[in-house]
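The block underneath contains the structure these notes are about, expressed in structure tokens.
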Amino acid sequence: MLHPKPGDHVARNRLAQRLNGAVRAEREPLGTPIFVVDLDAFDTNAADLVRRAGDTPIRVASKSLRVPALIRRALERPGFAGVLCYTLAEALWLEEHDVNDDLVVAYPSVDERALSALVASPRAASRITVMIDDVAHLDVISALRSSTAVPIKVAIDIDAGLRWGGQAVGPKRSPLFDVGSVAALAREVDRRKGFRLVGVMTYEGQVAGVPDDVPTARAKSLVVRKIKEKSVEQLLVRRAAILDALRPYLPEDAFFNAGGSGSIESSAADPVVTEVTAGSGLLVPTLFDHYRSFEPLPAAFFGLRVTRVPAPGIVTVHGGGLIASGPTGADRAPTPWAPAGLALTGLEGAGEVQTPLTGSGTGGMSVGDLVWFRHAKSGEPFEHGTTVHLLQGDGFVDHVPSYRGHGVAF
């Protein structure tokens, strides 16, 4: 099966024909947006992530999928183990529905309703690890329970940013950077009854989540690659020092989580790291198109129908304004992908109710034709739909609910 890579217009046109054929073959008409995941590309990407990780297990980042069937599909593949959730409520739902029994919440939670459910359920508490980076997170949990009989598993999130030239580069996450502050929090966990420290997370977003080989930004890409190189060097030293300081407080089977789809090799090469995380590398949004470390295959698309042709060289599709989170900019807009030769207009962009498109690809397009888009970020588009159609070969093999389709939103 030929999978289109960025810039491959022939393959993108073939992809449009393949997707359109699958839609036509359905007995019942599909409402738009038509959300599709190409399982052939998904499985190829999964195999490549496992190859890049070597013998280091990969924890699935649920935020980047948001479709339980796809989370399960990744976990069924050797090399993947456990889920990195983005909210505690989500982790509780996945635990209740037996999607997995090794669930780590990537961000600290002060959701009193979800925390109350956690402390009230011995089974959930044994399967879910919550993230902390402040004593206040322990205080919130302590205030919600009358007994410490059910131990709550916690992991410490540590700032994995780069300190270079007096600047702090990286995601603004944990306030914990120096070894002393990390050890002090670990001692506090150890001192308190009803808590167990079971792991550590160091997410180097400035390495994992930033493209470093963008053809239209070569000077910036050189700077990004230098930042990544310095970050990896610094983290090798810092992680070793942190682990040494935490050894008295960690069990033998404690996890040390690191990395993301864009930094698997460097994270897995660190002898301190016991597991890496990946999610976006399975579906491959447009923000993951330009990395030197890997060349994944786009696997997630959404289709919109042409509703009018207002002038030669312009077609308008209904909807389209699925803008990605993060800093406002053109790179957060969806990309008209298949057929090739289509572009958003500078004046209107991607609109909530209509999106005009220009370019050579408009030639011959008529009302009712489908245009297939790629989202800028992984997982986020499925917040806008209840059903995801799974493509394999030339046809749909299943139609599965997203979180929204299950009636939940996290």
Can you give me the C-alpha center-to-center distance between the stretch 30-56 and the stretch 111-177, rounded to a whole angstrom?
30 Å
By the scheme Lys and Arg +1, Asp and Glu -1, what is the net charge of all other residues having a beta-carbon under 13 Å from that of Ser64?
+1
Under a point-charge model restricted to the Cβ atoms of Lys and Arg (+1) and Asp and Glu (-1), what is the dipole moment magnitude of the stretch 246-396 relative to its Cα centre, in debye to the nearest 20?
480 debye
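Give me the net charge of Asn257's neighbourhood, meaning all other residues with Cβ under 15 Å from the Cβ of Asn257; Lys, Arg count +1, Asp, Glu -1.
Numbers: positive: Arg59, Lys63, Lys153, Arg173, Arg238, Arg239; negative: Asp102, Asp133, Asp157, Asp159, Glu204, Asp253, Asp270, Glu275.
With Lys, Arg at +1 and Asp, Glu at -1, the net is -2.
Can you give the Kirkwood hydrodynamic radius of the stretch 196-324 from its Cα pairs, in Å with one decimal?
Values: mean 1/r = 0.0573 Å⁻¹.
Answer for the stretch 196-324: a Kirkwood hydrodynamic radius of 17.5 Å.
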Between the stretch 303-342 and the stretch 255-282, what is the C-alpha centre distance in whole Å?
34 Å
Computed helical MRE - 222 nm, the chain, DSSP H runs ≥ 4 contributing -39500 (n - 2.57), nearest 500:
-9000 deg cm²/dmol
Going from most exposed to least, what order do Arg404, Arg77 have by accessible area with a 1.4 Å probe?
Arg404, Arg77
Kirkwood Rh, the chain, all Cα pairs: how many Å?
22.5 Å
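Which residues make up the longest stretch of the chain clear of GluC sites (Glu not before Pro) that lie in a DSSP loop with no more than 12 other Cβ atoms within 10 Å, not counting the sites?
Numbers: sites that count: Glu76, Glu252, Glu352.
The longest such stretch corresponds to 77-251.
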Can you name the helices of the chain, as whole DSSP H runs, whose Cα span along the helix axis is 20 Å or more and whose Kyte-Doolittle mean is not below -0.5?
39-53, 218-246
Residue by residue, what Karplus-based ³J(HN,Hα) values in Hz, rounded to whole numbers, does the stretch 122-132 have, using 6.51, -1.76 and 1.60 with θ = phi - 60° and x for Gly and Pro?
x, 5, 4, 5, 7, 9, 10, 10, 9, 9, 9
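Which net charge results when you count Lys and Arg as +1 and Asp and Glu as -1 among the other residues whose beta-carbon is under 14 Å from that of Val273?
Numbers: positive: Arg52, Arg59, Arg238, Arg239; negative: Asp55, Glu204, Glu265, Asp270, Glu275.
Taking every Cβ under 14 Å from that of Val273, the sum is -1.
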Of Ser62, Ser146, ordered by accessible area with the largest first and a 1.4 Å probe, the sequence is Ser146, Ser62
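Starting from the exponent 0.38 and prefactor 2.2 Å, build the expected Rg for the stretch 43-198 from its residue count and divide its actual Cα Rg by it. Working shown, then result.
Details: Rg = 16.8 Å, N = 156, 2.2 N^0.38 = 15.0 Å.
Expressed relative to 2.2 N^0.38 Å, the Cα Rg reads 1.12.
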Checking the stretch 238-323 for trypsin sites (Lys or Arg not before Pro) in a loop per DSSP with at most 14 other beta-carbon atoms within 10 Å yields Arg292
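Given N residues in the stretch 130-209, what is Rg(Cα) / (2.2 N^0.38 Å)?
Details: Rg = 14.4 Å, N = 80, 2.2 N^0.38 = 11.6 Å.
Rg over 2.2 N^0.38 Å, computed on Cα atoms: 1.23.
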Karplus ³J(HN,Hα) for the stretch 335-349 (6.51 cos²θ - 1.76 cosθ + 1.60, θ = phi - 60°; Hz, whole; x = Gly/Pro) runs 10, x, 10, 9, x, 6, x, 10, 8, 5, 8, x, 7, 9, x
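Counting other Cβ atoms within 10 Å, which trypsin sites (Lys or Arg not before Pro) in the stretch 183-214 have at most 13 and lie in a DSSP loop? Before the final figure, lay out the partial values.
Working: sites: Arg187, Arg191, Arg192, Lys193, Arg196; in loops: Arg192, Lys193.
Counting only loop positions with at most 13 other Cβ atoms within 10 Å, the trypsin sites (Lys or Arg not before Pro) in the stretch 183-214 are Lys193.
The values are calculated or read from the model by the stated rules, or taken from the named source; none is laboratory data. This is a predicted model, so every value here is computed, not measured. Glycine also receives a Cβ, built like all others from the backbone with ideal geometry; neighbour counts cover every protein chain displayed. We work out accessible area using only protein heavy atoms, side chains counted, and drop any ligands, DNA or RNA first. Shrake-Rupley method; radii C 1.70, N 1.55, O 1.52, S 1.80 Å.
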